[in-house]
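The values are calculated or read from the model by the stated rules, or taken from the named source; none is laboratory data. Fair warning: this is a prediction, and the values are worked out from it, not measured in the lab. Cβ coordinates were reconstructed from backbone atoms using ideal geometry, including for glycine residues, and neighbour counts include every protein chain displayed. The accessibility values were calculated without ligands, DNA or RNA, using every heavy atom of the protein model including side chains. Shrake-Rupley method; radii C 1.70, N 1.55, O 1.52, S 1.80 Å.
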Amino acid sequence: MASRSTRFSCAVGTALVVALSAACAPAAFAAESRSPFAQTAEPLPLSQAAFVDLLPFAHENPTHDLDQVQALAEQRVAEEAARAAAERSNKRLDYDPALIAAIGNQLNGGHAICCPAYACAYGDAILTRQANGHEAYGCGCCTWPRWGGGNSSFRSLGSDTALLREAYDEIAAGMPTVIHVSGPYGEHWICLMGYQNVQDPDNLTLDNFLALDPANGEEHVASYRYALYGDSCQHVSDLR
């Protein structure tokens, strides 16, 4: 019959193999799809941080038996699954409000037609943690540098459904987007930087998105005074 120490070694080995295999999985998972809705049938992997949590348990508590070690591994997997499930429905990209204030806005800057340039500047502030003046993107006629640009043409997805699904996938991957909307003063551009209350990523509205508004530099639910413009135009960052 196997000794207690032998059974513990097997237990630790089993838990660490499970953890190590799962810790290596996110890279392959990300390569297959950037959307967190893409794979839900398989159990979500254990993060590297959770794997590290198992190490002191394995080395400092040799009296724990197989059931206890396996229970800890299963708990870590369940915690990861709960976190990922929450992020599929709600995600907000962090930003420094001081950078947004430094960039300014249309209301304070007096640039009535520079909303796309301000929106791109907000997006880059999220991605690079730097404040670029809106003029870097083309004051009066946005040329979309680092946002699919080189000219002043708009990028259309062909349908509003495709636009919103792409916005969801980009934000899920940590990337803000800039979209064309209509509002109380006509056409406008805003920077999407979060989503909320998502049940189906193929059935979204502006109610599901958070935005930084170049009109005033404030964060709002995107639908607070805007609707999609109707040309399905959206720009995404070249930074990858």
Hey, Glu219 of a type in the set (Asp, Glu), under 27 Å from Ser89 (Cα atoms) and part of a strand (DSSP E or B) or not: yes
One residue from Arg88, Arg92, Arg83 being of a type in the set (Lys, Arg), within 17 Å of Val178 (Cα to Cα) and under 21 Å from the mean Cα position of the chain (by Cα): Arg92
In segment 225-240, the residues that are surrounded by 13 or more Cβ atoms within 10 Å (Cβ to Cβ) and farther than 16 Å from Ala125 by Cα: Arg225, Tyr226, Ala227, Leu228, Tyr229, Asp231, Ser232, Cys233, Gln234
Among the residues listed as Cys120, Cys114, the single one being modelled with pLDDT of 95 or more, buried (at least 18 other Cβ atoms within 10 Å of the Cβ) and under 21 Å from the mean Cα position of the chain (by Cα): Cys120
Number of positions in segment 92-106 that are in contact (Cβ under 8 Å) with a residue 24 or more places away in the chain, of a type outside the set (A, V, I, L, M) and open to solvent by 40 Å² or more (accessible area, probe 1.4 Å): 4
One residue from Gly174, Gly140, Gly149 being within 16 Å of the chain's Cα centre (by Cα), part of a loop (DSSP other than H, G, I, E, B) and surrounded by fewer than 20 Cβ atoms within 10 Å (Cβ to Cβ): Gly174
Residues located in segment 152-171, provided they are open to solvent by 30 Å² or more (accessible area, probe 1.4 Å) and among the aliphatic types (A, V, I, L, M): Leu157, Ala162
